[in-house]
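A short worksheet on the structure shown next.
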Amino acid sequence: MGVTRGFLGRSRAPRDPRLPPGQYDAGTQWPVLTAEPTPALDLDTWSFRVTGSVDREQTWSWDEIHRLAPSTYEGDIHCVTTWSKLGMHFAGVSIDTLLDLAGVRPEATHVLAWSHTQYTTNLPLADVTGGQAWLAWEVDGQPLLREHGGPARLLVPHLYFWKSAKWVAGLQLLDHDEPGFWEVRGYHDRGDPWLEQRYQGD
Amino acid sequence: MDVGPDDDPAGGRVEPGANRPTAWQTATVVGLHDETPSARTFRLSLPSPFIHRAGQHVVVRLRAPDGYTASRSYSVASAPGDGSEIELTVERLAEGEVSSFLHEEVVVGDALEVRGPIGGWFVWDGRSPALLVGGGSGVVPLMAMLRLARAQGRVDQVRMVVSVRDPGALYYADELPGPETTVLYSRHGPPDDPRPVGRIRSEDLAGLTRGGVTPYVCGSSGFADAATDLLVGLGVAPDHIRVERFGPTQ
């Protein structure tokens, strides 16, 4: 397509190599984009479950899940609406740890994450294993705020951030792909920011 | 409450074709006018027409000679029509690379890359009661819904409550007011306004939440949280409220 008349781009400084195509650095801002009211979840009744194609379905309370081996992520996050945040620090537990305790069955190929708000999102199993995904409850040393998905959200930072379900309640292991909330509404099933997989067909 | 993915209440509400891929096209700016000192409406002619649903948005992409691109999403303000033209209202943000360019540089006759329509959740088809609650520039997708209701002769289906800082900050000021709309002023109101100025309050929404109405809330994150908290306080089930929010937290 042609050049936009008069547009040079605001910054001619070298582009940060950490930014995928079409993304901009949001700096200190952290935009909030959700489709539903922000829930206030009670830690006393909060739970996280792993269900579906596993040997042992698991349910953890807030205290129980904090007794598992801690894990952290330092790096970048990318939202499909084109903002990225660079150099973030998240803490929580690795999804590998949770899946190992549940025992993933050989037929499992995908997961469907669901939230306490009934939001869902689908991911290939290969994208939430191998040290690539977390259940995160702390960011930059502070508890994760409600508007950012607190008390705990899924964190899959190598994919667009709608995959990192806020207020996540569990993972269902599936032997097939099952599109989630945004995916049935035109968003991409995988969402790799480096391939600009924003919408179905990208 | 702990619910599984099979309980997703929205699953059955997706329209056929909602996941149809959307292609880029080069639209032509055929009109523009200011809504407020910081908001401008752009009328775009689409070479590949599409009929959007009220509440949907499009992506606008700018391309520099060296291939650099910047894109942002903007809500469609016009009601669904024959698909050949749409209107976008763009708030100028101080640090907004795309919105600043659109305000400062774009004139009638310019070409803009657009893609859409996008979004299958914050949409209203005019066939069921809706309560539209907007803050500031959050009125834009709600205006598409109000215009749809008026075009269909079904203003009985819709009530709108819009909160703005002062009278000069109201978008669509010549068109929006009517018996089905209420404008709230948070800082300065007109001298004859009986409502004390201030942010949205429970009494501003009381009486509008009965009868299975679906609330659509759009605005900044702070406004959206305040409005949804008020609605829940008035007895609306949280999962009946549709929210579109924008803007950062620090």
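No value in this document is a laboratory result; all are computed from the given coordinates. All values derive from a computational prediction rather than experimental measurement. Ideal geometry is used to build each Cβ from the backbone, glycine not excepted, and the neighbour counts take in all protein chains shown.
Which of the peptides B:23-31, B:204-212 is most tightly packed, and how do the rest follow, judged by the mean count of other Cβ atoms within 10 Å per residue? All intermediate terms of the calculation are to be shown ahead of the outcome.
Values: B:23-31: 15.6, B:204-212: 13.9.
Output ranking for B:23-31, B:204-212: B:23-31, B:204-212.
For the segment B:87-99, counting C-beta atoms of other chains within 10 Å of every residue's C-beta and taking the mean gives 1. Distance from the Cα centroid of region B:227-242 to that of region A:123-156 is 27 Å (rounded to whole angstrom).
Protection proxy ranking of B:141-152, B:33-44, B:101-112, B:160-171, by the mean of other Cβ atoms within 10 Å over each peptide's residues and highest first, is B:141-152, B:160-171, B:33-44, B:101-112. The calculated pair-distance distribution of chain A uses every alpha carbon pair, bins of 10 angstrom beginning at 0, and gives 8, 35, 36, 15, 4, 1, 0 percent. Our summary gives region B:63-191 a relative contact order of 21 percent, counting only alpha carbon pairs under 8 angstrom and 6 or more residues apart.
Quick one: if the Förster radius is 45 Å, what FRET efficiency do B:R127 and A:S61 give, using the C-beta to C-beta distance and rounding to 0.05?
Values: r = 44 Å, r/R0 = 0.97.
With R0 = 45 Å, the Cβ-Cβ based efficiency is 0.55.
The mean sequence distance of close C-alpha pairs (under 8 Å, at least 6 residues apart), as a share of the length of chain A, puts its relative contact order at 22 percent. If each residue of separation counts as 0.36 nm, what is the full-extension length gain between B:H33 and B:H188 once their alpha-carbon separation is subtracted? The span from B:H33 to B:H188 would gain 53.3 nm if fully extended.
Only DSSP H runs of four or more residues enter the estimate; each adds -39500 (n - 2.57), and after division by the residues of the protein assembly as shown the mean residue ellipticity at 222 nm equals -3000 deg cm²/dmol.
Shielding value for B:34-42 is 0, the average number of Cβ atoms from other chains within 10 Å of each residue's Cβ. Close amide H pairs (under 5 Å, H built 1.01 Å from N) link B:G81 with B:H52, residues at least 5 positions away or on another chain.
Across region B:130-246, Cα pairs under 8 Å and at least six residues apart give a relative contact order of 29 percent.
For a quick protection proxy, order the peptides A:23-30, A:111-118 by their average other-Cβ count within 10 Å, most packed first.
Details: A:23-30: 16.2, A:111-118: 25.1.
Highest to lowest by the protection proxy: A:111-118, A:23-30.
Amide H contacts of A:V54: A:R105, each under 5 Å away and 5 or more positions distant or on a separate chain (H built 1.01 Å from N in the peptide plane; Pro and chain starts excluded). Here the simple spin-label model places points 7 Å from the Cα toward Cβ, and for A:H89 and B:S48 these points are separated by 4.6 nm.
Based on the reciprocal of the average 1/r between different C-alpha atoms, the Kirkwood radius for region B:85-201 equals 16.1 Å. Peptide B:65-71 is shielded by partner chain Cβ atoms: per residue, an average of 6 of them sit within 10 Å of its Cβ. In this simple spin-label approximation, B:L234 and B:A64 carry label points 7 Å from Cα along the Cα→Cβ vector, and these lie 4.7 nm apart.
Express as a percent, rounded to the nearest 5, the fraction of DSSP beta bridges in the protein assembly as shown (both residues included) that run antiparallel.
Working: 69 of 96 bridges.
Around 70 percent antiparallel, to the nearest 5.
Please find the FRET efficiency linking A:S47 to A:E74, where r is the Cβ-Cβ separation and R0 is fixed at 30 Å, and quote it to the nearest 0.05.
According to the calculation, E is roughly 0.60.
Amide H contacts under 5 Å for A:Q197: A:D192, restricted to partners 5 or more places along the chain or on a different chain, H placed in the peptide plane at 1.01 Å from N. Expressed to the nearest 5 percent, the antiparallel share of DSSP beta bridges inside region A:1-94 is 85 percent. Largest mean-square fluctuation among A:R146, A:R18, A:R67, in a Gaussian network model of chain A whose springs join Cα atoms under 10 Å apart, belongs to A:R67. Rounded to whole numbers, the Karplus 3J(HN,Hα) couplings from phi for region A:126-142 are 5, 8, 10, 10, x, x, 10, 8, 9, 9, 10, 10, 9, 9, 6, x, 10 Hz, using 6.51 cos²θ - 1.76 cosθ + 1.60 with θ = phi - 60°, and x at Gly and Pro. The stretch between A:D140 and A:H158 holds 4.6 nm of extra length on full extension. This uses 0.36 nm per residue minus the Cα-Cα distance.
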